[in-house]
1. Starting from the range 201-223, take each residue that is more than 12 Å from ALA244 (Cα to Cα) and list its partners that are outside any helix (DSSP H, G or I) and hydrophobic (A, V, I, L, M, F, W, C), counting only C-beta distances under 6 angstrom and pairs at least six apart or across chains.
2. Do you know which residues across the range 208-229 are at pLDDT 85 or above, in a helix (DSSP H, G or I) and of a type outside the set (Phe, Trp, Tyr)?
3. What number of residues in the range 206-234 are hydrophobic (A, V, I, L, M, F, W, C) and under 19 Å from the mean Cα position of the chain (by Cα)?
4. Got a sec? Which helices (runs of 4 or more DSSP H) wholly within the range 247-339 have at least 3 residues that are modelled with pLDDT under 80, within 27 Å of the chain's Cα centre (by Cα) and not assigned by TED's automatic domain parsing to the domain that holds ILE236?
5. Filter the range 159-185 for residues that are closer than 18 Å to ALA113 by Cα and in contact (Cβ under 8 Å) with a residue 40 or more places away in the chain; which is nearest to the chain's Cα centre (by Cα)?
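The values are calculated or read from the model by the stated rules, or taken from the named source; none is laboratory data. These numbers come from a predicted model, not from an experiment. Glycine gets a Cβ as well: all are built from the backbone with ideal geometry, and neighbour counts include every protein chain shown.
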Amino acid sequence: MQNRIDRQRRIVPELGGGSPHDTFCCKTVGDPKIAGDLLKHYSCEPAIAKYVNLKVLDPQETRKLTKELKKLFLDIAFIAPFQDNSKKSKFLFIFEHKSRPSRFVPIQGGTYAFLTLYRELVSDKQPAPNKKYVPSIPIMVLIYCGDEDIDGVIRFQDIYPKGEIPDDLKRFVPQFEMLVINFRKFDYGNLPGDPETQSVVESMKRAFDGTFTKNLGHIVGRLTQQGLDTRISELITDIVRYCAWVEGLTEKQVETTITTVIKGERGRQMARTVLKGVIKTGYESGLSRGQIIGEARGESKGETVKAQEIARNLKKMGFKTPDIVKATGLPIKVVNKLD
């Protein structure tokens with residue numbers, strides 16, 4: 001009887017800190033193959049594939065950042081060489097994910113970029129002083145899945161109110177533009193890339209549309225068309241757990257979805273793998289369905305921590321409370337209480 005009741009409770013995966021939404025993004029976009037596919041097919045910038053060797057994306061260790069700075073980053077970065085082997089420098093891609101516009105995303109990406117360049121400069125691995133040092137070329141990548149217009153918050157100078165910087169001084173103020181991968185610009189029936197990338201993009205889009213569960217079987221089916229190796233099994237596991245968290249599925253619903261697509265013992269084994277490690281339920285953790293879906297739409301604790309950290313920095317820089325509230329989306333009471 002107790003087992004039957006447990007199987008009817010909503011699933012909330014144990015993910016070791018941070019929101020399951022951020023965790024899913026880190027695990028999938030952090031895969032060099034998927035990241036390269038996103039840059040090639042979803043950035044809408046042909047120059048990326050023209051100049052960058054996307055087949056050689058080298059994941060970078062971002063955990064060397066301080067505890068305070070790590071709160072600001074999604075924790076995904078890659079180094080990639082030029083297509084032209086005669087070039088000395090390489091590209092540094094820094095990924096950040098947002099589900100709503102934030103004027104201060106360029107600060108997040110820029111901070112990591114310049115810290116990395118400085119670390120390169122002082123590294124023991126750098127060439128002798130008589131050799132010319134060529135730093136990496138940083139490109140900040142914003143993965144966006146929200147409904148609001150993002151075009152006005154992708155350049156560094158956008159962090160300032162319009163007209164704040166005198167026109168004849170703008171040339172002295174840093175200016176760079178983020179490379180935006182906006183999933184909302186792509187229709188479900190026309191997603192580019194290989195099946196793995198298509199499935200990741202569709203999963204993140206449907207998490208916000210509220211159509212995840214009814215299409216989960218289709219997503220899993222697409223991934224199994226070419227066989228079921230370890231890599232695909234792990235991706236299916238991540239996607240199904242993500243769906244279970246977003247839409248509050250029961251263990252029975254997860255099992256039924258998987259065994260309908262993957263027949264026989266293989267399907268049952270996959271279901272057991274997906275459910276393994278799910279040690280909390282929506283009922284036990286006190287999360288309502290609305291809270292679960294709300295977190296998937298960007299209102300997660302991780303997003304709040306990032307917003308609060310940015311708000312603190314803005315207060316130190318002298319920004320007024322109304323501007324900070326508008327920029328971060330935090331309630332005015334929360335901003336006023338921040339140190």
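1. Hits for this filter: VAL201/LEU191; MET204/CYS145; PHE208/CYS145.
2. THR213, LYS214, ASN215, LEU216, GLY217, HIS218, ILE219, VAL220, GLY221, ARG222, LEU223, THR224, listed by residue number.
3. 3
4. 301-316, 321-328
5. Checking each candidate, the answer is VAL180.
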